[in-house]
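As structure tokens, the structure follows; a few thoughts come after it.
The values are calculated or read from the model by the stated rules, or taken from the named source; none is laboratory data. Computed from a prediction, not measured in an experiment: that's the story for all the values here. Don't worry about glycine lacking a Cβ; one is built from the backbone with ideal geometry, like all the others, and counts go over all protein chains shown. Surface areas here come from the heavy atoms of the whole protein model, side chains and all, with no ligands, DNA or RNA. Shrake-Rupley method; radii C 1.70, N 1.55, O 1.52, S 1.80 Å.
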Amino acid sequence: MLSRKGLIPEEYVLTTRLAEDINEPKYREQERRARFVAKNGTCNVAHKNIREQGRFLLDVFTTVVDLKWHHTLLIFTMSFLCTWLLFGMIWWLIAFSHGDLDYLEEGFVPCVTSVQSFTAAFLFSIEVQVTIGFGGRMITEECPAAILVLIIQNIVGLVINAIMLGCIFMKTAQAHRRAETLIFSKHAVIALRNGKLCFMFRVGDLRKSMIISATIRMQVVKKAHSLEGEVLPLNQIDIQMENPISTNGIFLVSPLIICHTITKDSPLYEISASDLTHHQDLEIIVILEGVVETTGITTQARTSYLADEILWGQRFVPIIAEEDGRYAVDYSKFGNTIKVPTPMCTAKQLEEDSRILDNRSFSPKSTIRKRNLTVKVKPKFTLFEEDQT
């Protein structure tokens, strides 16, 4: 709409957010193929008919960490309440068996002082496990069984504290929290670079703290058939990629354009502009991995591009400029692209017929905007007559 009003040039394609909103229109969702990886990085896979559910209990710590917050807090609360009630019942039974609940005669030594009801036993259980020690109730040397129960409850309380606090710490410091500030462009593009078709997308980090040893991997997920007729519904093919430093490792201190040159070894070798529709069985998954500088935890950010999210003949606009002796990044243009002359054929056809690039419109010089040259024009008249020699 803005381009129609003349506010934005038509050659620019603007994105409303840094990364694409995962909420697509319903009519598009029915026509599109199902995503394997969503734009926010979640895997669109449902695990059904798992018969051996007991395997999850063998790794209780990971199971509790993977639970939602309200489930974790419920388990955290119930674990303490159940142990307090359990040992409160044990302290009440010790007091009952020793006769502490009856009227205390002069000179009678109870197992635990001031425990003459279940409420008092429950309060004493809380004081023992959380080491409050108000001083009104205390254990005596009268009952060896009470001393043994005191030792057991202290050990159980320490174990529960360690497990629950560890789970809460791991949930708050999970790696995917750091991945929320790693962003990818809404669209990927295919355009000419150094005379070859290239698949490109932009990645950036919003935080000042860096991702150490950051690497990027790409895969194509599509349906395939083997020579024996076996159907592979989610066949994963690795994509060889190039970035500004020609390795898989990147220095993500500023947004980078990650490039994959489409060669004969690329799964995109026979993809043309007409194939980039929502009916095409094609999904490109991007995975960024690295170590968080502040915590030392390995994090991973993921996204994917369907066929209709790949723009043919577009190029990302520059967003880095030098201002006051430092480099400034304008994230408002993070996903903006501009149209560039690009042949509509496949990379295979472009390689077989080199005459396509001989067209002047595909020359790199034709994409550079030339400045208007000022021409000196002799004035038609002057205010004063020139001296004639």
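Give me a count of the residues in the stretch 23-39 that are part of a loop (DSSP other than H, G, I, E, B) and modelled with pLDDT under 75.
5
If only residues of the stretch 41-59 that are at pLDDT 75 or above and surrounded by 11 or more Cβ atoms within 10 Å (Cβ to Cβ) are counted, the one that is nearest to V286 (Cα to Cα) is G41.
Would a scan of the stretch 332-353 turn up a residue that is surrounded by fewer than 13 Cβ atoms within 10 Å (Cβ to Cβ), at pLDDT 55 or above and more than 23 Å from I257 (Cα to Cα)? For the stretch 332-353, residues surrounded by fewer than 13 Cβ atoms within 10 Å (Cβ to Cβ), at pLDDT 55 or above and more than 23 Å from I257 (Cα to Cα): present.
Here are the criteria: (1) out of contact with any Phe, Trp or Tyr (no Cβ under 9 Å at 6 or more places or on another chain); (2) in contact (Cβ under 8 Å) with a residue 24 or more places away in the chain. Tell me which single one F169 does not satisfy. Result: F169 fails condition (2) only.
Looking only at the stretch 116-138, residues that are more than 21 Å from I155 (Cβ to Cβ) and in contact with a Lys or Arg (Cβ under 8 Å, 6 or more places away or on another chain) come to 1 in all. Of the strands (runs of 3 or more DSSP E) lying entirely inside the stretch 224-332, those carrying at least 1 residues that are closer than 20 Å to S213 by Cβ and of a type in the set (S, T, Y) are 298-306. The sole residue among L192, L234 that is on the phi < 0 side of the Ramachandran plot, at pLDDT below 80 and in contact with a Phe, Trp or Tyr (Cβ under 7 Å, 6 or more places away or on another chain) is L234. Taking the stated definitions as given, is K264 out of contact with any helix residue (DSSP H, G or I) (no Cβ under 9 Å at 6 or more places or on another chain), surrounded by fewer than 14 Cβ atoms within 10 Å (Cβ to Cβ) and of a type in the set (D, E, K, R)? Taking the combined requirement at face value, the residue does not satisfy it. Listed by first and then second residue, the pairs linking a residue in the stretch 294-323 that is without any contact (Cβ under 8 Å) to a residue 40 or more places away in the chain and open to solvent by 40 Å² or more (accessible area, probe 1.4 Å) to a residue that is among the small types (G, A, S) and in a strand (DSSP E or B), with Cβ atoms under 8 Å apart and 6 or more places separating them unless they lie on different chains, are A321/A328; E322/A328.
The criterion of at least 1 residues that are within 21 Å of the chain's Cα centre (by Cα) and crowded, with 16+ Cβ neighbours inside 10 Å is met by the following helices (runs of 4 or more DSSP H) wholly inside the stretch 107-205: 144-172, 175-178.
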